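This report refers to the structure that appears directly beneath it.
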Amino acid sequence: MALGSLMSPELLRAQAPKPVGGLPGLPHFAPKAKRVVCLFQSGGLSHVDLFDDKPMLHEHAGKEIPASVKGAQRLTGMTSGQSSYPIVPPLKPGKRCGQHGTWISDLLPGIQTLADDICIVKSLNTEAINHDPAITYMNTGNQQPGYASIGAWVSYGLGSENENLPAFIAMVSQGTGKNPGQPIFSRLWGSGFLPSSHQGVGLRPGANPVLYLQNPPGVEPDQRRHFLDDLAELNEMRAKELGDPETTTRIHAYEMAYRMQTSVPELTDVRGESAQTLEAYGPEVQRPGSYASNCLLARRLLERDVRYVQLYHRGWDQHIAIAKQLPNQCRDIDQPTTALVNDLKRLGMLEDTLVVFATEFGRTVFSQGKLGDPGMGRDHHGRSFTVWLAGGGIRGGVEYGATDDFCYNITENPVHLRDLHATILHCLGIDHSRFTTKFRGLNTRLTGVEESHVVKDILS
């Protein structure tokens, strides 16, 4: 082996992994989670309809929301000019689920069965009331573009445990609710001011999931290997000349792409999955790019120790025709989400995998548009909304935080989205207050300079 490495060093370089390592001293303490999957419901999931029913909503159905509840807080331009704000109770009934008896809509029969595995946080809040700043805020900790995404922070801090796949992978699907949904930009999984090696890699549906990964026609693997070796030598010379760390990052990116030529086709080939597994994810699992297909790929990525997997599912922005759009959207995600959590349990992975089911804000308890009209919907509501978590370091069967009788204002245990970020990092063994990098002369962190805290009451 020693003689071979001296005589043919290119073979050693071809096989030797060059993963981007984590920072010295991280994790700060023993983590409960090794990896994260974030199931991001893009557009603003309606907490009123799906997770936060109240008796008062039914008693006051069709009546004006009390001025004392609505207050003088800012509304979007889509409802600020309405003359009336009548209350609309949940569109469908639900039931008390699990040992703690939390209410979950019948639109989510699969997630109802997970009640004892998940922690439902009903008191999340954000200042953003429009989609782009809100989704940017939820994904990067800042409403302005240009900041590092949470997956990039995790990759930067902890590195990768798989040399053949990126530490951070993102996938996007379109729902059957509002179609098309709000646009999803690649900057949401960008690295911002962190080294570009930590940005997420987007997996596309179909035969070519990563652009420019395959060799051009007529180029054989050994030719590509020799080409990359020569290019790496030139880039290393350039790196020594300029001292630009991005040059080294580019070398690593080429090497990762070379290894992904083998790892990605193996990842996306689901023919080895059992018929029972495929059936559990639902009829859409065989359609590339669907939410169900992406959930199955997420499980396969997590099995391969990809550090951070992010799924974006568009179509939750139900300003109009919510009575038609919301059931369709729930049908998209209920069975695949349930299958993913159950699959992780079956494989013994839920214990050290953190599952985050999130959205950028909730929806208003009052109607947008005329009450009872088929075109009626709900507007944005960032003052209180619901997310849930499961697995690595989170207590199952817990309901945390509370809203008032009209699901409008938080009355108990508010959780800002920065607190959610701090809690995710904590499950990974990272103290958010000590996890910083220099940017514009500041020690910048994911949770920003405002006060934020780990939600310790939901930790296992």
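The values are calculated or read from the model by the stated rules, or taken from the named source; none is laboratory data. Note that the structure is predicted; figures quoted are calculated from it, not measured. Note that each Cβ is placed from the backbone with ideal geometry, even for glycine, and that neighbours are counted across all protein chains shown.
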Can you pull out the residues in region 328-356 that are assigned to a helix (DSSP H, G or I) and aliphatic (A, V, I, L, M)?
-> ILE333, ALA339, LEU340, VAL341, LEU344, LEU350
Could you say which residue among ASP343, ASP352 is in contact with a Lys or Arg (Cβ under 8 Å, 6 or more places away or on another chain), buried (at least 19 other Cβ atoms within 10 Å of the Cβ), over 17 Å from TRP103 (Cα atoms) and of a type in the set (Asp, Glu)?
-> ASP343
Among the residues of region 75-130, count how many are under 30 Å from LEU350 (Cα atoms), out of contact with any Phe, Trp or Tyr (no Cβ under 7 Å at 6 or more places or on another chain) and of a type in the set (A, V, I, L, M).
-> 5
Return a yes/no flag: does region 391-409 have any residue that is touching a strand residue (DSSP E or B) at 6+ places or on another chain (Cβ under 9 Å) and at pLDDT below 95.
-> no
Would you mind stating whether ARG224 is surrounded by fewer than 21 Cβ atoms within 10 Å (Cβ to Cβ), modelled with pLDDT of 95 or more and out of contact with any Leu (no Cβ under 7 Å at 6 or more places or on another chain)?
-> no
Out of all the residues in region 297-315, is one or more part of a helix (DSSP H, G or I), of a type in the set (Phe, Trp, Tyr) and within 19 Å of the chain's Cα centre (by Cα)?
-> no
With respect to the numbered conditions (1) surrounded by 12 or more Cβ atoms within 10 Å (Cβ to Cβ); (2) closer than 30 Å to ASP334 by Cα; (3) out of contact with any His (no Cβ under 9 Å at 6 or more places or on another chain), which one is the sole condition not fulfilled by ASN235?
-> (2)
Residue selected from region 248-273 under the condition touching a helix residue (DSSP H, G or I) at 6+ places or on another chain (Cβ under 9 Å) and at pLDDT 80 or above, by the criterion farthest from GLN199 (Cα to Cα) | GLU273
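Collect the residues in region 261-278 that are polar (S, T, N, Q) and assigned to a helix (DSSP H, G or I), keeping them in residue-number order.
Going residue by residue through region 261-278, those that are polar (S, T, N, Q) are 261-263, 268, 274, 276-277.
GLN261, THR262, SER263, THR268, GLN276, THR277 - these are the residues of region 261-278 that are polar (S, T, N, Q) and assigned to a helix (DSSP H, G or I).
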Take GLY192 and decide whether it is at pLDDT 95 or above, under 22 Å from THR423 (Cβ atoms) and in a loop (DSSP other than H, G, I, E, B).
-> yes
For region 216-246, which residues satisfy the criterion of being within 38 Å of the chain's Cα centre (by Cα) and part of a loop (DSSP other than H, G, I, E, B)?
-> PRO216, PRO217, VAL219, GLU220, GLY243, ASP244
Does GLY289 count as more than 28 Å from HIS416 (Cα to Cα), of a type in the set (Gly, Ala, Ser) and in contact with a Ser or Thr (Cβ under 8 Å, 6 or more places away or on another chain)?
-> yes
